[in-house]
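Asker: I'd like to ask some things about the structure below.
The values are calculated or read from the model by the stated rules, or taken from the named source; none is laboratory data. Please read all numbers here as calculations on a predicted model, not as lab measurements. No Cβ is skipped: glycine too gets one built from the backbone with ideal geometry, and neighbour counts run over all protein chains shown.
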Amino acid sequence: MSLVMFHFIGHLSVSPLVTWNFIGLGEKQLSLEIGDTVHIQETCDGKGADWECTGYTRINVWIHSWTINPTQKSEMPLVKEVTTTLREWGSIWKQLYANKKNRVVQVQGLMWDLMEWRSQLLSGTLPSDEFKELKQKVTSKIDYGNKILELDLVVRDVNGNMLDPENASVISLFRAHQDATTKINERIKEEQSNIQTDHSVISARIQSSPTHSLYVFVRNFVCRIGEDSELFMSLYDPNKQTIISENYLVRWGSKGFPKEVEMLNNLKVVFTDLGNKDLNREKIYLICQIVRVGRMELKETNTKKCTQGLRRPFGVAVMDISDIIKGKIECDEEKQHFIPFFPVVAENDFLHPLLNKVTASRGDSGGQGLWVTMKALVGDIVQIRKEYPHLVDRSTVVARKLGFPEIIMPGDIRNDIYLTLWAGDFDKYNKTSQKNMEVIMMVCDEEGKINSICLGAGDRPLNDYRSVIYYQVKQPRWMETFKVAIPLEEMHRIHLRFMFRHRSSQESKDKSEKNFAMAFVRLMKEDGTVLKDGLHDLVVFKGDSKRMEDVNSYLSLPSTRYVDVHKTGTLSRSSSSVGGLSVSSRDSFTISTLVCSTKLTQNVGLLGLLKWRTRPELLKENLEKLKIIDGEEVVKFLQDTLDALFTIMMEHSQTDDYDILVFDALIYIIGLIADRKFQHFNTVLEAYIKQHFSATLAYKKLMSVLKRYLDVSSRGEQCENYLRTLKALEYIFKFIVRSRMLYSHLLRTINRTVITMGREHALIVSKPNAPPLPKAIAHYSPLRDLHLDVENYTEAAYTLLLHSRLLKWSDDQCSPQFEVRSCQTQRQLKESLYDKIIGHFDKGKMWEEAITLCKELADQYEMEVFDYELLSQSLQQAKFYENIMKILRPKPDYFAVGYYGQGYPPFLRNKVFIHRGKEYERREDFQNQLMSQFPSAVRLNITTMPGDDVRLSPLQYIQCFTVQPVLEIPPHLKNKPVPDQINNFYKSNYVQRFHYSRPVRRGPVDPNNEFVSMWIERTTFTTVYKLPGILRWFETTISPLENAIETMESTNDKILTMVNQYQADDALPINPLSMLLNGIVDPAVMGGFAKYEKAFFTEEYNLQHPEARDKLDRLKDLIAWQIPLLGGGISLHGKRVTDDLRPFHERMEECFKHMRKKVEKEYGVRDLVREREGEKRRSTRPRSVLRSFRQSVISICSLQGSECGTPTKPYPDR
């Protein structure tokens, strides 16, 4: 067919599905109607979409060959019906405009609903129950519309499908017609009572929902910058002059497109968690702050000499969206809005104050600005993903509110800390002009920086944050907000460090600039509470730039002015020097923080209750204090507080010491929720009772206290909490009923668990050829399905592998129990199973196993059946090998779970199992899931085997703790230079032994050297088979000397691994290597192995432990081997270190020089084997200069009567 051009100018989303009618009148124009589908089979080279920066979009599509299907054959019947209905209604709708204008808006609303639901049906993302529900809504809407338009009534069955008159009896048709008429008439009455001519219907729907969202699609950014830029979009309250949402960051390139090309036409964000209080704000703006990334001055012409990568203020764009977000304007998601851009004029035009100037005076933007489409959505992120899947899909970024939503549902776990660089005041000191101040913020622990800073929602985490630079401004006001996301378990170790640096516009000068001051703040206080919300005036320290990077030089100092400084009394504005740093009296720096965490509280009293196990002696006091804690803090942690109360009740089931206190705390919480201020938390409490409450025996305690209160009242005695109890009675009874139901369902739960685990037990402990084939196969399929249901792809693959092992590579016919459709022979069935197994191993990231099966398949195709075509299709190993080397595989944690007590079935009773966790699964989450399966079980907080009082108890007890897998390197990898990506896999896979270690004290304690008396008690668990499998366990212990040997081995291995990593990748940051090496060689930091020498290398220890001579020699050998490893690391560090770290490196070299001299004198010289020049390599991949080596096992022997000793030049493996 000749070249045809489809040229359409108008408001159209680029999609193969036509959403607007178009009549083609020109020679090269194509007439299309709504619902038509254009199949573009081929496009001409060099042709494509031509974008113009106007309010609408012009698209030129060059079609080489095409076909049009008014209705696709593959469409489901309901979609066809919707399409036909829309066409029919569309024709009538145009006629209504002339005759019945009051019907126009009504029919338009019906059509919009049908079009939206049609998109949901076509998306294919709805689960079956939601699809069924949507189908009922669609058919109901069609029938209602047909009725009011006086069209034929469609008669349907109970599932909403149209009845075929040819296959239905007259009576059934009549009854179906009667039912349909009744339903439609009821619907018409309901609609007539609700119809209003204005948009108050929309507002009413919005007001009735507690949560709201705003969908924004960035279509284009038109601005003449010439450099890269960052667009920070957020919601803003102009009256309070505060940003109320996270930023959505768009990185825009210098050529007028997004920096990441794949984001073109995909810049979508939904601002969520907004509540009715937000909608009641007088004004809400959508703002965009634009930061230029490049030179200090755009007017600089000699760009080669300019410092690059500086973040400079450029301007803002502001739009009033109050009417849109409040529902006063029904906003079409396809309508484009232009948001004008206003540039920074002067250096003291800070971006945040500029917003207020712009809103006060509207000027001419010269056509520069943002083009966006938007739509107000009702509901939280879960709801809107269901109701608007065509808008909010997986690629849509979610920007949350700065603060909590008005309702926090159980299970909504959040741990976000928002930090705002507020303002500063910096003296110019000896400079002639003010500094060009840049603030560099890092999230640090005691060892280095952590990737946990997010500039905007959906953006990748960064190592550090660099502020906008205001040129020669003494008092910069940044007002820059970003998020710090840190795992809960790491919070207590984390602090924020701020470095201050002057930036020069000339690159040559800028290189010599160093950090001249610093500040820091811890995120958690000593009492365990998190940093308070609000402003923090930080102490600014001055000193050597290297010293400021050393956490040991400042972490013990106060971080904030006034409170901390006054409290400690160690610093003041006139202090000269502490720890090598001095307080700068002429500089100030202010930040603000906002903590949005459902796990970290800022209230000491609430923390004491949530963490009651740490101070059980304060439990009564903390329960009584709950009543004076601010209600907002309590409802924020509603689930955790209720969990704590019922756990206290259940863990003290043998006594009533805390029953009344817990009951009173419970009615206090219920009373809080009954208060009008917190009444929207009623749904949260209901959800908790139905979905999260699991205390099966709580009903006994609750009824006991309730009866006690009623008895006291009936005797006419005064009961302080009687009235509160009556008000809370509804929810007290709901807890009692739910608890009783859980208890009655307990036996059924146990029975199901018994059956499931029994099947798994039978499969794993039986040899593949032991059971009869039909019986084995009957076990495999349910177990495989069980694994696939919870996405345990690796376990599903191993289950199918057992099935495949029962088959042979032969053309024998399958036995009846093996028969599968399209597979007649055992070879065909085995090939089919292998394909599935390889797919499951691929999903489970077990590529080593997949490769083994691929090789076996290839061998069959090449050597047995000579099917080279299948051979070429089956060679997937290349992809799997590449995945092993390039894709990060998180190491799963392993958990030891003990089921103690006589309440369990025999195969669980008093036994321990090892469980393999999912990726990134924390022990707390795993344990909560475990407890939900056994709701009446009591959680044990010990890691040792419990006594007979627990083991013989009629109750159920669960013990859960993390264990460490023991690495078993495969024989074919031993003593070879194997890349870390390969070795790391075996650290958590193909493992059969697991350790749990805990320190114990034996003998007298030496206050000067704790290592002398510190033993490590180790429990070793060994599984019958490599995981998954049933386990047996036994206990052993290791001495302090053995502990020291393991520590030295671990340290040496860590040095070697890191040096190899740095040799293989020049892009790695130098800091982790610096901290590792310095922590070993600098006596001021760690002390190295000196304590081992004092503890073990003495006459007294030799006399007391004559049997430990071999181990002492082993420890000495490890110390000697550490020297060449450190030497290689320090040499590499010297080549990679930057100029500003050179003094630090020189000090490290000096320390190492003394250390090496001492060690080589005491323990001998060790050398690392280097690559031999003539060695032939099997591959071209780069190898480390430092070869992996096996540390020699020193054998003590008598050499012709000479004294035994450690050889000074042991020969490493070659």
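Asker: Which one is modelled with the highest pLDDT, of the residues in the range 856-883 that are crowded, with 17+ Cβ neighbours inside 10 Å and under 17 Å from Lys845 (Cβ atoms)?
Answerer: It comes out as Phe880.
Asker: Determine if the range 958-981 includes at least one residue that is exposed (fewer than 13 other Cβ atoms within 10 Å of the Cβ) and over 30 Å from Lys855 (Cβ atoms).
Answerer: Looking through the range 958-981, none of the residues is exposed (fewer than 13 other Cβ atoms within 10 Å of the Cβ) and over 30 Å from Lys855 (Cβ atoms).
Asker: Turning to a different aspect of this structure: Can you find a residue that is in contact with a helix residue (DSSP H, G or I) (Cβ under 6 Å, 6 or more places away or on another chain) and of a type outside the set (Lys, Arg) anywhere in the range 456-478?
Answerer: No, the range 456-478 contains no residue that is in contact with a helix residue (DSSP H, G or I) (Cβ under 6 Å, 6 or more places away or on another chain) and of a type outside the set (Lys, Arg).
Asker: Please find, within the range 423-442, the residue that is farthest from the chain's Cα centre (by Cα) out of those that are crowded, with 20+ Cβ neighbours inside 10 Å and among the aliphatic types (A, V, I, L, M).
Answerer: Met437
Asker: Suppose we filter Glu297, Glu260, Glu246 for residues that are more than 28 Å from the chain's Cα centre (by Cα) and assigned by TED's automatic domain parsing to the domain that holds Ser213; which single one remains?
Answerer: The unique qualifying residue is Glu297.
Asker: Report the residue count in the range 945-973 for those that are touching a residue at least 24 places away in the same chain (Cβ under 8 Å), part of a loop (DSSP other than H, G, I, E, B) and more than 33 Å from the chain's Cα centre (by Cα).
Answerer: Within the range 945-973, residues that are touching a residue at least 24 places away in the same chain (Cβ under 8 Å), part of a loop (DSSP other than H, G, I, E, B) and more than 33 Å from the chain's Cα centre (by Cα) number 7.
So that you can scan it fast, the table gives a plain yes or no per residue for (1) among the charged types (D, E, K, R); (2) in contact (Cβ under 8 Å) with a residue 12 or more places away in the chain; (3) outside any loop (DSSP other than H, G, I, E, B):
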{"site": "Arg385", "(1), (2), (3)": "yes, no, yes"}
{"site": "Pro389", "(1), (2), (3)": "no, yes, no"}
{"site": "Val398", "(1), (2), (3)": "no, yes, yes"}
{"site": "Gly403", "(1), (2), (3)": "no, yes, no"}
{"site": "Asp412", "(1), (2), (3)": "yes, yes, no"}
{"site": "Leu421", "(1), (2), (3)": "no, yes, yes"}
{"site": "Asp427", "(1), (2), (3)": "yes, yes, no"}
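Asker: Let me ask something else. Output the residues belonging to the range 486-526 that are free of Cβ contacts under 8 Å to residues at least 24 places away in the same chain, under 25 Å from Asp416 (Cβ atoms) and acidic (Asp, Glu).
Answerer: Glu526
Asker: What number of residues within the range 272-285 satisfy the criterion of being out of contact with any His (no Cβ under 9 Å at 6 or more places or on another chain) and either within 23 Å of Leu310 (Cβ to Cβ) or of a type outside the set (Val, Ile, Thr) (or both)?
Answerer: 6
Asker: Another one. Among (1) out of contact with any Ser or Thr (no Cβ under 8 Å at 6 or more places or on another chain); (2) surrounded by fewer than 18 Cβ atoms within 10 Å (Cβ to Cβ); (3) not aliphatic (A, V, I, L, M), which single condition is Lys335 missing?
Answerer: Going through (1) out of contact with any Ser or Thr (no Cβ under 8 Å at 6 or more places or on another chain); (2) surrounded by fewer than 18 Cβ atoms within 10 Å (Cβ to Cβ); (3) not aliphatic (A, V, I, L, M) one by one, Lys335 breaks only (1).
Asker: Does any residue of the range 1008-1023 turn out to be of a type outside the set (Ser, Thr, Tyr), under 23 Å from Phe907 (Cα atoms) and either surrounded by 14 or more Cβ atoms within 10 Å (Cβ to Cβ) or at pLDDT 85 or above (or both)?
Answerer: yes
Asker: Here's another thing I want to ask about it. Can you find a residue in the range 329-340 that is within 33 Å of the chain's Cα centre (by Cα), modelled with pLDDT under 85, outside the structural domain of Lys474 (by TED's automatic domain parsing) and over 21 Å from Leu274 (Cβ atoms)?
Answerer: Yes: the range 329-340 contains one or more residues that are within 33 Å of the chain's Cα centre (by Cα), modelled with pLDDT under 85, outside the structural domain of Lys474 (by TED's automatic domain parsing) and over 21 Å from Leu274 (Cβ atoms).
Asker: Now for a different question. Would it be correct to say that Lys483 is assigned to a strand (DSSP E or B) and either of a type in the set (S, T, N, Q) or farther than 21 Å from Gly294 by Cα (or both)?
Answerer: Criteria met by Lys483.
Asker: Which count do you get for residues in the range 1132-1144 that are free of Cβ contacts under 8 Å to residues at least 60 places away in the same chain and either surrounded by 13 or more Cβ atoms within 10 Å (Cβ to Cβ) or aliphatic (A, V, I, L, M) (or both)?
Answerer: Number satisfying all stated conditions: 1.
Asker: Which is of a type in the set (A, V, I, L, M), surrounded by 22 or more Cβ atoms within 10 Å (Cβ to Cβ) and out of contact with any Cys (no Cβ under 7 Å at 6 or more places or on another chain), of Leu619, Leu609?
Answerer: None of the others qualify; the one that does is Leu609.
Asker: Would you mind listing the helices (runs of 4 or more DSSP H) fully within the range 1064-1146 where at least 1 residues are within 25 Å of Asp550 (Cβ to Cβ)?
Answerer: 1071-1081, 1090-1096, 1109-1136
Asker: Another question, then. Taking the range 267-304 only, how many residues are of a type in the set (D, E, K, R), part of a strand (DSSP E or B) and farther than 13 Å from Val216 by Cβ?
Answerer: 2
Asker: What about Val468, is it in a loop (DSSP other than H, G, I, E, B), crowded, with 21+ Cβ neighbours inside 10 Å and touching a strand residue (DSSP E or B) at 6+ places or on another chain (Cβ under 8 Å)?
Answerer: When the stated conditions are applied, Val468 passes them.
Asker: Still on this structure: Got a number for residues in the range 444-465 being outside any loop (DSSP other than H, G, I, E, B) and of a type in the set (Asp, Glu)?
Answerer: Adding up the residues that qualify gives 1.
Asker: Search the range 867-885 for residues that are under 16 Å from Lys836 (Cα atoms) and pair each with any residue that is surrounded by fewer than 16 Cβ atoms within 10 Å (Cβ to Cβ) and at pLDDT 85 or above when their beta-carbon atoms are under 8 Å apart and the residues are at least 6 apart or on different chains.
Answerer: Gln877/Lys855
Asker: Conditions: (1) free of Cβ contacts under 8 Å to residues at least 40 places away in the same chain; (2) assigned to a loop (DSSP other than H, G, I, E, B); (3) hydrophobic (A, V, I, L, M, F, W, C). Val1165 meets all but one. Number of the miss?
Answerer: It fails just one condition, (1).
Asker: Right, next: Scanning for something out of contact with any Cys (no Cβ under 9 Å at 6 or more places or on another chain), more than 19 Å from Asn983 (Cα to Cα) and not in a helix (DSSP H, G or I), does the range 833-851 turn up at least one residue?
Answerer: No: zero hits.
Asker: For the range 549-560, does any single residue satisfy the condition of being under 30 Å from Cys306 (Cβ atoms), of a type outside the set (D, E, K, R) and either out of contact with any helix residue (DSSP H, G or I) (no Cβ under 9 Å at 6 or more places or on another chain) or crowded, with 18+ Cβ neighbours inside 10 Å (or both)?
Answerer: no
Asker: Next question, about the same structure. Determine whether the range 1087-1095 contains at least one residue that is in contact (Cβ under 8 Å) with a residue 60 or more places away in the chain, surrounded by 14 or more Cβ atoms within 10 Å (Cβ to Cβ) and on the phi > 0 side of the Ramachandran plot.
Answerer: Yes: the range 1087-1095 contains one or more residues that are in contact (Cβ under 8 Å) with a residue 60 or more places away in the chain, surrounded by 14 or more Cβ atoms within 10 Å (Cβ to Cβ) and on the phi > 0 side of the Ramachandran plot.
Asker: Test Leu126 against the criterion of being over 14 Å from Ile148 (Cα atoms), modelled with pLDDT under 80 and surrounded by 15 or more Cβ atoms within 10 Å (Cβ to Cβ), and give yes or no.
Answerer: Taking the combined requirement at face value, the residue satisfies it.
Asker: Give me a count of the residues in the range 138-160 that are surrounded by 14 or more Cβ atoms within 10 Å (Cβ to Cβ) and either in a helix (DSSP H, G or I) or not aliphatic (A, V, I, L, M) (or both).
Answerer: 13
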